[in-house]
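A.B. asks: There's a structure below that I have some questions on.
The values are calculated or read from the model by the stated rules, or taken from the named source; none is laboratory data. The structure presented is a predicted model; accordingly, all values stated were derived computationally and were not measured. Ideal geometry is used to build each Cβ from the backbone, glycine not excepted, and the neighbour counts take in all protein chains shown. Side chains are part of the model used for accessible areas, which takes the heavy atoms of the whole protein and leaves out ligands, DNA and RNA. Shrake-Rupley method; radii C 1.70, N 1.55, O 1.52, S 1.80 Å.
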Amino acid sequence: MNRLRLAAESDQVMIRLHEDNDYENWYYHYQMRHPSKHKFDEGPLDLSRCTREWFQAIIHQQQQLAFQDISYVFGVFRRSDGAHLGVVDLSTLMRDHFQWGRLGYTIHNQFWRRGYAKESVRLLLKLAFHQLYFHRIEAHIDTENLPSVKVAQSVGMTLECVREAFLYDFNEWRNCYIYYQNQESCDEK
């Protein structure tokens, strides 16, 4: 299978599509997660079924979705030592006259409060606008998820509105802030 190559880097981090040889790094850093720190932190995950074959199947599926312009899942890696810090993702909501996408981000909790989320989201926005040619990117954030709100604000995203009962999570429909950035506002920063 041909591999799609998308990547961006800053002084501290690099984001790129996962590769088959990321398995040990990915597994180790998921395994090293600290206990959950709040409601929106998954904490340690059950990795019992996460074999190398399972990981390769996931990577293959992610590559297919990227080739189809449906979604892009990027590993976040520390540049100094290659440690897997988490993931940022981008989903196509609509192309045509809109060029509209949604971003998400998760940094392993053992790496919090070091600026990695902020840097990786900035890189993802630039990649989305300049390599994938989106015009507008949104973040849909539960109104109680204040750490995520701070990340969106810190990269210059603008609060547009609250969408009520927008996301089904924690066994209920929850309100979300809609933060956005468009290409022009990203280029100004």
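A.B. asks: What do you reckon, is Ser36 open to solvent by 40 Å² or more (accessible area, probe 1.4 Å), touching a Gly at 6+ places or on another chain (Cβ under 6 Å) and modelled with pLDDT under 95?
C.D. replies: Details: open to solvent by 40 Å² or more (accessible area, probe 1.4 Å): yes; touching a Gly at 6+ places or on another chain (Cβ under 6 Å): yes; modelled with pLDDT under 95: yes.
Criteria met by Ser36.
A.B. asks: Right, another one. Identify, from the list Leu124, Leu132, the residue that is open to solvent by less than 20 Å² (accessible area, probe 1.4 Å) and touching a residue at least 24 places away in the same chain (Cβ under 8 Å). Don't jump to the end; show me each part of the working.
C.D. replies: Working: Leu132 fails: open to solvent by less than 20 Å² (accessible area, probe 1.4 Å).
On inspection, the qualifying residue turns out to be Leu124.
A.B. asks: Still on this structure: Of all residues in the range 148-173, count the ones that are over 19 Å from the mean Cα position of the chain (by Cα) and open to solvent by less than 20 Å² (accessible area, probe 1.4 Å).
C.D. replies: The qualifying residues number 0.
A.B. asks: Does Tyr72 meet the test of being assigned to a strand (DSSP E or B), modelled with pLDDT of 95 or more and either buried (at least 16 other Cβ atoms within 10 Å of the Cβ) or under 18 Å from the mean Cα position of the chain (by Cα) (or both)?
C.D. replies: On the way: assigned to a strand (DSSP E or B): yes; modelled with pLDDT of 95 or more: yes; either buried (at least 16 other Cβ atoms within 10 Å of the Cβ) or under 18 Å from the mean Cα position of the chain (by Cα) (or both): yes.
So Tyr72 fits the description; yes.
A.B. asks: Is it the case that some residue within the range 45-60 is within 28 Å of Tyr168 (Cα to Cα), open to solvent by 60 Å² or more (accessible area, probe 1.4 Å), more than 19 Å from the chain's Cα centre (by Cα) and polar (S, T, N, Q)?
C.D. replies: Yes, that holds for at least one residue.
A.B. asks: Does Leu125 satisfy being more than 25 Å from Ser36 (Cα to Cα), assigned to a loop (DSSP other than H, G, I, E, B) and among the hydrophobic types (A, V, I, L, M, F, W, C)?
C.D. replies: The answer is no for Leu125.
A.B. asks: In addition: When the residues of the range 89-110 are filtered to those that are under 15 Å from the mean Cα position of the chain (by Cα) and not in a strand (DSSP E or B), which remaining residue is surrounded by the fewest Cβ atoms within 10 Å (Cβ to Cβ)?
C.D. replies: Asn109
A.B. asks: For the range 76-89, does any single residue satisfy the condition of being over 19 Å from Glu24 (Cβ atoms) and modelled with pLDDT of 95 or more?
C.D. replies: Kept after step one, since they are over 19 Å from Glu24 (Cβ atoms), are these residues of the range 76-89: 88-89.
From what's left, modelled with pLDDT of 95 or more: 88-89.
Looking for residues that are over 19 Å from Glu24 (Cβ atoms) and modelled with pLDDT of 95 or more, one finds at least one in the range 76-89, hence yes.
A.B. asks: Every residue in the range 128-147 that is in a loop (DSSP other than H, G, I, E, B) and of a type outside the set (Ser, Thr, Tyr), please.
C.D. replies: First pass over the range 128-147, keeping only residues in a loop (DSSP other than H, G, I, E, B): 131-135, 143-145.
Matches in the range 128-147: Gln131, Leu132, Phe134, His135, Glu144, Asn145.
A.B. asks: Can you name every residue in the range 2-33 that is part of a loop (DSSP other than H, G, I, E, B), within 18 Å of His60 (Cβ to Cβ) and either open to solvent by less than 90 Å² (accessible area, probe 1.4 Å) or basic (Lys, Arg) (or both)? Give the steps one after another, and end with the answer.
C.D. replies: Let us first name the residues in the range 2-33 that are part of a loop (DSSP other than H, G, I, E, B), namely 2-6, 10-12, 18-19, 32-33.
When the remaining residues are screened for being within 18 Å of His60 (Cβ to Cβ), the result is 2-6, 18-19.
Result: Arg3, Leu4, Arg5, Leu6, His18, Glu19.
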